[in-house]
Amino acid sequence: MVKPFRLLMPHATYEVSFVAPHFSAYRKTVFVDAKPRVINVDLKPLPKLTGVVVDGVTGRPVPGAIIRTDVDTNVIADGTGRFTIEADPERWPKAVTASAAGYSDSSLRVASPRVSTTLDEIRLSRGGTVAIAIEQDRPGDVVSVELQKLGDGGRSVGATVQTIEVTAKEPTIETRFTNVEPGEYMVLAKGDEPWERLGERIEVRATEEAQLTLRIAPFRLRVRTSASGETLRDARVILKNRDALWRAAFTTDSAGEATVQLWQGGPMQLTLESRRYGLPYREFRTVDDGIDSDWLVEVPPYEIAGMVIDNITGRPIAGAAIALHMETARFSFGVQTKAAEDGTFRFAPVAPGQHTVSAAAAGYPPSELVYTFADTEPIKNVTLRLEAAPFVPVTVVDARGNPIHAARVMDFIGNKRRGVGFTDANGAVGVQVSAGETRDVYVIPRDGSLGFLQIRSGSEKETVRIADGVCRIVLQMESEKHAPIPNVWVAIRYNGVTLPEELISTLVSRGARVRSDAQGRIVLDHMPPGVYEFWPVGSPAELRLVAAGDGSQEAPVKVTAVAGENMAVMTFVAVEEP
């Protein structure tokens, strides 16, 4: 519908906004002078998130369920359990949560592409209960108890599901969490100080009551710091309990010491940050529960001194970005810095082990140096030589030839990423290609789909046209008896191109699932039409191995994806041991 109208306004620059219910807002900056300005406005309907709420056991719809988003949008499911949410692209939700009487709340992640999406089923479970008894030597120590959802196989803490404020000042306090969605959780008792924490893991089952006793018995931990015989005053100490996953930060005094009253010991990671050094220093230790102890942190005198130069002229490259990745027997750690005006840089303190130092600068693609830093050498001198490479202009457009703004562009040599950039408002970006090289370039628009092209050195310019992301690919992992199989990863080949592991991680950050969930499902949303091949793998490390292969191996599942939902089943056969 066309609705023309005219406004008479003084000569000036204006920000014009057009807002209408059920449509995305349109904004434009215009300069008004003596010549009439004509603005043609094409309001686009708001994207819609549609889904259905079902009983997690029977699969029957749950009518009347309340669905809310993290941006304060609420709707009610109809008689068939279905719902539709209009989502503002400028306030795009990250999650939707469904609630219904007699069920525990259930949340579902929303994919980041800001387009109309059919969500997975939201499955509601009959909730369980967690009964907690708190025993404390000093009544009043515990001020709250949190129930935190665990993720990543129990290796990380997700959202805090429920919180109970504790006001009673009794030696023993009993409380409970109700209507808890089945799963693995952390129960965390908290005091006033950040190091007053005690966390215990617990498994919650539907309709059952799990019982837990938290015994609060404070003990002293004194941290003493030094480097080359001198104490480190005003250093920041970050203590992490690697089992209970809580963190606490505190600062050393003028003597380089700090004393805290812990509630919980166990395997700990200590990170020390001091103004004396450019890098944090880490140590690991097991702290005994209930026993006063000292932790002496002696920062080792290891450092890296380096320079970044032009490989042809030998001139220093000021402001080059430097990254150091350290692999030791105990941990993996990465840090960044910039080269000074004379091209020099320094990393200190560093840990002995396998080091990878990489550098890049404007006009220079990344270069790296790998070596082993022995504990017998206090200083390692390195020189990074960068070679200038020309930029090949690349324009990214959609299926209608319109430029795509803010698309991520990643270029690889084999399975090694060499650069990353984002398209500007004209869909343009530059990719550096050194003489004699060929780059595999992947384009990942923020609102869905995927593109690929190869660029050879000497190319004047390239254009990549991205097909619309109109496909949804669902893989069902199951046994011969049709039981779902969770935690299976997949490697992906698209139109004959095996996707690198880092690219697959980018798709995951955009909302894709490349590891099967509890229902055995893997879901790729907003993908372009084409031929997809999948290999099951058991871990991200195995995924990297498959992605680094030559692509000659035959995939067990091949899907020719067309617009709409594309479904495939991967059946796993049990192997009998001899």
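Counting only strands (runs of 3 or more DSSP E) that sit completely within the range 452-557, those holding 1 or more residues that are in contact with a Ser or Thr (Cβ under 6 Å, 6 or more places away or on another chain) correspond to 462-466, 471-479, 521-527, 530-537. In the set (1) over 30 Å from Ala518 (Cβ atoms); (2) touching a His at 6+ places or on another chain (Cβ under 8 Å); (3) open to solvent by 30 Å² or more (accessible area, probe 1.4 Å), Lys44 fails one condition alone, (2). A single member of Glu86, Glu90 is in contact (Cβ under 8 Å) with a residue 40 or more places away in the chain, charged (D, E, K, R) and open to solvent by 80 Å² or more (accessible area, probe 1.4 Å), and it is Glu90.
Among the residues of the range 268-280, the ones that are part of a strand (DSSP E or B) and open to solvent by less than 40 Å² (accessible area, probe 1.4 Å) come to 5 in all. Against the condition farther than 13 Å from Leu450 by Cβ, buried (at least 19 other Cβ atoms within 10 Å of the Cβ) and small (Gly, Ala, Ser), how does Ala491 come out, does it pass? For Ala491, the condition - farther than 13 Å from Leu450 by Cβ, buried (at least 19 other Cβ atoms within 10 Å of the Cβ) and small (Gly, Ala, Ser) - is met. For the range 216-234, the tally of residues that are assigned to a loop (DSSP other than H, G, I, E, B), over 25 Å from Asp137 (Cβ atoms) and in contact (Cβ under 8 Å) with a residue 40 or more places away in the chain stands at 3.
So which of Ile122, Ile132 is among the aliphatic types (A, V, I, L, M), closer than 17 Å to Glu165 by Cβ and surrounded by 20 or more Cβ atoms within 10 Å (Cβ to Cβ)? Exactly one residue qualifies, and that residue is Ile132. The set of residues in the range 389-411 being touching a helix residue (DSSP H, G or I) at 6+ places or on another chain (Cβ under 9 Å) and surrounded by fewer than 17 Cβ atoms within 10 Å (Cβ to Cβ) is empty. Picking from residues in the range 138-163 that are farther than 17 Å from Glu181 by Cβ and open to solvent by less than 60 Å² (accessible area, probe 1.4 Å), the one that is farthest from the chain's Cα centre (by Cα) is Gly140. Residues in the range 297-318: is at least one within 28 Å of Val145 (Cβ to Cβ), open to solvent by less than 70 Å² (accessible area, probe 1.4 Å) and among the small types (Gly, Ala, Ser)? No, because not a single residue in the range 297-318 is within 28 Å of Val145 (Cβ to Cβ), open to solvent by less than 70 Å² (accessible area, probe 1.4 Å) and among the small types (Gly, Ala, Ser).
Inside the range 405-422, residues that are free of Cβ contacts under 8 Å to residues at least 60 places away in the same chain and under 22 Å from Asp447 (Cα atoms) make up a count of 9.
Among the residues of this structure, Asp243 counts as one that is under 30 Å from Ser125 (Cα atoms), open to solvent by 70 Å² or more (accessible area, probe 1.4 Å) and not in a strand (DSSP E or B). When Ala351, Ala389 are screened for being in a loop (DSSP other than H, G, I, E, B), in contact (Cβ under 8 Å) with a residue 40 or more places away in the chain, touching a Pro at 6+ places or on another chain (Cβ under 9 Å) and over 30 Å from Val431 (Cβ atoms), only Ala351 passes. In the range 47-70, the qualifying residues are those that are open to solvent by 30 Å² or more (accessible area, probe 1.4 Å) and either in a strand (DSSP E or B) or among the aliphatic types (A, V, I, L, M) (or both), and the one that is farthest from Thr29 (Cα to Cα) is Val57. The residue list Thr207, Thr167 contains one member that is assigned to a loop (DSSP other than H, G, I, E, B), open to solvent by 30 Å² or more (accessible area, probe 1.4 Å) and closer than 20 Å to Ala101 by Cα, which is Thr207.
The values are calculated or read from the model by the stated rules, or taken from the named source; none is laboratory data. Predicted model, so just to flag it, every value in this text is computed and none were measured. Positions of Cβ are generated from backbone atoms using ideal geometry, with glycine treated the same way; all protein chains shown enter the neighbour counts. Only protein heavy atoms, including side chains, enter the accessible area calculation; ligands, DNA and RNA are left aside. Shrake-Rupley method; radii C 1.70, N 1.55, O 1.52, S 1.80 Å.
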